[in-house]
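Here's the structure, in structure tokens; my notes come after.
The values are calculated or read from the model by the stated rules, or taken from the named source; none is laboratory data. The structure displayed is predicted, hence computed values, not measured ones. For neighbour counting, all protein chains shown are included, and Cβ atoms are generated from backbone atoms with ideal geometry for every residue, glycine included. Ligands, DNA and RNA are excluded from the accessible area calculation, which covers all protein heavy atoms including side chains. Shrake-Rupley method; radii C 1.70, N 1.55, O 1.52, S 1.80 Å.
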Amino acid sequence: MRIFDPHIHMTSRTTDDYEAMAAAGVRAIVEPAFWLGQPRTNPGSFADYFDSLIGWEPYRASQFGIRHHATIALNPKEANDPRCRPVLDLLPRYLAKDGVVAVGEIGYDSMTPEEDEAFAAQLALAVEYELPALVHTPHRDKARGTERTLAVVAESGIEPGRVVVDHLNEVTVGLVRDSGCWMGFSIYPDTKMSPPRMVEILKEHGLERMLVNSAADWGRSDPLLTLRTGEAMLAAGFSPDDVDRVLWRNPVEFYGQSGRLDLSDIGEVEATFEGSSIKRGGS
Amino acid sequence: MEPDDLRVALAALSTAPEQEWLREALARVAREPDDIGGLFATAARRCGRAALPSAPGWTVDEAARALLLAALPADQVATAADTLYRYGDAAEKRAVLKALPLLPIGAGAVPLLHDAIRTNDTRLVAAALGTYARHLDQPMWRQAVLKCVFMGVPLNVVHDLDTRADGELATMLAGLVEERRAAGRDVAADALALLDRLAAAEGKKA
């Protein structure tokens with residue numbers, strides 16, 4: 001099983017996770033810029049974080065033959081802090097980078113006017129930089145948040161086929177399917193979505209425009225739940241080709257719209273520097 | 001390696017649209033130096049990333065980026081190199097490091113080498129030890145060579161290794177070898193060979 005995890009926060013994960021992911025068949029990932037738990041209070045903190053998403057993390061991933069890409073944005077939660085608003089001015093520099101395959105995560109957390117403004121401005125950046133957009137839906141008031149999200153997406157003029165609306169569930173999936181946007185599902189140990197529930201959604205709504213991710217981060221989460229979902233699909237009678245479509249070809253198709261997805265020589269660990277300090281764990 | 005060598009190497013490998021993009025980008029950078037940021041970032045997508053057979057150790061994107069830097073008005077190169085490195089992704093940073101010896105900047109970019117040597121990205125550490133490393137002082141250069149051995153970077157990336165290696169580096173290397181052996185671990189053959197050469201040279205002197 002080859003796996004492309006289209007949404008995972010590797011910054012918060014250990015190198016052991018990379019090793020386990022590679023062993024499980026994960027060959028490519030997208031790491032969206034998001035909240036780090038501890039609120040940031042100035043744009044410099046974001047610049048260092050963004051630099052790590054296009055520098056250190058791709059390097060760490062490459063040690064295990066995993067191709068790392070990023071999405072860059074000011075996340076909805078921190079868009080509410082006026083001290084972080086100047087981050088919007090930093091974005092153009094990062095949206096030009098090779099490893100950046102979308103604008104994201106953008107969208108709503110608490111649906112404030114500040115979030116409205118940052119969301120619209122960043123959808124405009126996605127259009128300007130010819131990038132897809134990764135849109136987070138709120139954890140609270142999710143159904144109305146998703147409706148409002150889709151209205152803002154429609155108003156922005158970005159093609160729905162270049163937008164993924166993420167963290168969906170049984171209640172919100174239909175709305176997004178009807179909009180023409182891609183549907184993202186974050187498989188979590190307890191909350192958001194589980195492998196068996198995901199299988200039911202795929203049975204009901206089909207495989208088209210479906211993205212399954214682990215969204216593993218600093219919370220209680222598991223980077224191998226993409227694999228578990230693939231296994232659950234097989235157990236439920238889906239074919240290996242169906243699994244490959246959901247876990248590999250769909251994310252390749254979605255993020256491939258950036259023109260920047262680099263999946264050449266996938267799976268080859270950089271032989272020249274094999275045995276670097278990371279793999280060996282240092283001295 | 002000179003900018004002209006890179007130009008020739010690129011011409012042999014690039015398609016017509018790639019050459020056209022680079023030609024226009026170089027002209028624009030000479031005219032509008034402030035536009036280099038966006039062009040530098042997109043150079044790999046526009047020109048490719050293949051290895052350049054006639055410029056060993058260089059890739060197409062690195063050569064294109066080096067030429068972009070070299071096309072800037074001379075008085076703006078140092079500042080631009082600093083900014084492009086600071087805000088570059090890992091490939092851009094590596095391209096800046098490799099371009100340094102080709103640029104009219106004297107020893108001004110040594111802080112970039114220090115930054116690269118502090119990282120744990122072996123590709124950046126290796127790129128900091130090319131010909132421009134002649135501007136590194138000896139203590140920093142020794143630390144960088146030792147770090148290569150520690151991280152498993154092959155020592156053939158180090159410019160002027162045998163000319164610059166000295167007794168103090170031999171002492172440091174011998175210490176690392178002793179630690180590794182005490183832990184039942186190996187040391188790269190190229191490091192042991194260097195240590196042997198240094199010991200032989202010391203023996204001749206004595």
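Considering only region B:152-161, how many residues are buried (at least 16 other Cβ atoms within 10 Å of the Cβ) and within 11 Å of another protein chain (Cβ to nearest Cβ)?
Quick first cut of region B:152-161, residues buried (at least 16 other Cβ atoms within 10 Å of the Cβ) only: B:152-155, B:157-158, B:161.
Then keep just the ones that are within 11 Å of another protein chain (Cβ to nearest Cβ); that gives B:152-154, B:157.
Residues meeting the conditions: 4.
So for region A:60-81 (the condition being aromatic (Phe, Trp, Tyr), open to solvent by 10 Å² or more (accessible area, probe 1.4 Å) and within 14 Å of chain B (Cβ to nearest Cβ)), does at least one residue qualify?
The answer is no; no qualifying residue exists.
Taking the condition touching a residue at least 24 places away in the same chain (Cβ under 8 Å) and either in the same structural domain as residue B:94 (by TED's automatic domain parsing) or touching a Gly at 6+ places or on another chain (Cβ under 7 Å) (or both), does residue B:152 pass?
Values: touching a residue at least 24 places away in the same chain (Cβ under 8 Å): yes; either in the same structural domain as residue B:94 (by TED's automatic domain parsing) or touching a Gly at 6+ places or on another chain (Cβ under 7 Å) (or both): yes.
Yes.
Would you confirm whether or not region B:25-47 contains a residue that is in contact (Cβ under 8 Å) with a residue 40 or more places away in the chain and charged (D, E, K, R)?
No, because not a single residue in region B:25-47 is in contact (Cβ under 8 Å) with a residue 40 or more places away in the chain and charged (D, E, K, R).
If you check B:160, B:196, which single one turns out to be over 19 Å from the mean Cα position of the chain (by Cα) and not assigned by TED's automatic domain parsing to the domain that holds residue B:74?
B:196
Taking region B:86-113 only, how many residues are within 11 Å of chain A (Cβ to nearest Cβ) and touching a Leu at 6+ places or on another chain (Cβ under 8 Å)?
Residues flagged as within 11 Å of chain A (Cβ to nearest Cβ) and touching a Leu at 6+ places or on another chain (Cβ under 8 Å) within region B:86-113 amount to 4.
Would you be able to say whether some residue in region B:130-150 is in a loop (DSSP other than H, G, I, E, B), farther than 16 Å from residue B:192 by Cα, open to solvent by less than 40 Å² (accessible area, probe 1.4 Å) and not aliphatic (A, V, I, L, M)?
The answer is yes; a qualifying residue exists.
List every residue pair whose Cβ atoms sit under 6 Å apart, with the two residues 6 or more apart in sequence or on different chains, where the first one lies in region B:173-188 and is within 11 Å of chain A (Cβ to nearest Cβ) and of a type in the set (A, V, I, L, M, F, W, C) and the second, anywhere, is surrounded by 11 or more Cβ atoms within 10 Å (Cβ to Cβ) and part of a helix (DSSP H, G or I).
Sorted first by the residue in region B:173-188, then by its partner, the pairs are B:187/B:177; B:187/B:180.
Out of region A:228-242, which residues are of a type outside the set (Gly, Ala, Ser) and surrounded by 23 or more Cβ atoms within 10 Å (Cβ to Cβ)?
Passing the criteria: A:229, A:233.
Among (1) touching a residue at least 24 places away in the same chain (Cβ under 8 Å); (2) open to solvent by 10 Å² or more (accessible area, probe 1.4 Å); (3) more than 12 Å from chain B (Cβ to nearest Cβ), there is one condition residue A:113 misses while meeting the rest; what is its number?
With (1) touching a residue at least 24 places away in the same chain (Cβ under 8 Å); (2) open to solvent by 10 Å² or more (accessible area, probe 1.4 Å); (3) more than 12 Å from chain B (Cβ to nearest Cβ) applied to residue A:113, the lone miss is (1).
Which pairs do you get when a residue that is among the hydroxyl-bearing types (Ser, Thr, Tyr), found in region B:1-20, comes within reach of a residue that is part of a helix (DSSP H, G or I) and surrounded by 11 or more Cβ atoms within 10 Å (Cβ to Cβ), reach meaning Cβ atoms under 8 angstrom, with the pair 6+ apart or on two chains?
Close Cβ pairs (under 8 Å, with a partner that is part of a helix (DSSP H, G or I) and surrounded by 11 or more Cβ atoms within 10 Å (Cβ to Cβ)) amount to B:14/B:22; B:14/B:47; B:14/B:60.
Please pick out the residue among A:140, A:144 that is surrounded by fewer than 23 Cβ atoms within 10 Å (Cβ to Cβ) and either aromatic (Phe, Trp, Tyr) or outside any helix (DSSP H, G or I) (or both).
Values: A:144 fails: either aromatic (Phe, Trp, Tyr) or outside any helix (DSSP H, G or I) (or both).
It is A:140.
Would you be able to tell me the number of residues in region B:167-199 that are farther than 29 Å from residue B:135 by Cβ and open to solvent by less than 60 Å² (accessible area, probe 1.4 Å)?
Qualifying residue count for the region: 1.
Among B:92, B:32, B:24, which is the only one that is acidic (Asp, Glu) and closer than 18 Å to residue A:54 by Cβ?
None of the others qualify; the one that does is B:92.
If I ask for residues that are within 14 Å of another protein chain (Cβ to nearest Cβ) and of a type in the set (Asp, Glu), which ones from region A:92-110 would you list? Break it down stepwise before answering.
At the first step, the residues of region A:92-110 found to be within 14 Å of another protein chain (Cβ to nearest Cβ) are A:92-101.
Once the filter is applied, which keeps residues that are within 14 Å of another protein chain (Cβ to nearest Cβ) and of a type in the set (Asp, Glu), region A:92-110 yields only A:98.
Would you mind telling me which numbered condition in (1) in a helix (DSSP H, G or I); (2) out of contact with any Ser or Thr (no Cβ under 6 Å at 6 or more places or on another chain); (3) surrounded by fewer than 19 Cβ atoms within 10 Å (Cβ to Cβ) residue B:123 fails?
Among (1) in a helix (DSSP H, G or I); (2) out of contact with any Ser or Thr (no Cβ under 6 Å at 6 or more places or on another chain); (3) surrounded by fewer than 19 Cβ atoms within 10 Å (Cβ to Cβ), residue B:123 violates only (3).
If residue B:164 satisfies all but one of (1) within 25 Å of residue B:18 (Cβ to Cβ); (2) open to solvent by less than 50 Å² (accessible area, probe 1.4 Å), what's the number of the condition it fails?
(1)
Which condition from (1) open to solvent by 10 Å² or more (accessible area, probe 1.4 Å); (2) touching a Ser or Thr at 6+ places or on another chain (Cβ under 7 Å); (3) within 14 Å of chain B (Cβ to nearest Cβ) is the one that residue A:57 breaks?
Tallying (1) open to solvent by 10 Å² or more (accessible area, probe 1.4 Å); (2) touching a Ser or Thr at 6+ places or on another chain (Cβ under 7 Å); (3) within 14 Å of chain B (Cβ to nearest Cβ), residue A:57 fails exactly one: (1).
May I ask you to list the residues in region A:18-50 that are more than 17 Å from the chain's Cα centre (by Cα) and in a helix (DSSP H, G or I)?
Correct list: A:19, A:20, A:22, A:23, A:24, A:43, A:44, A:45, A:46, A:47, A:48.
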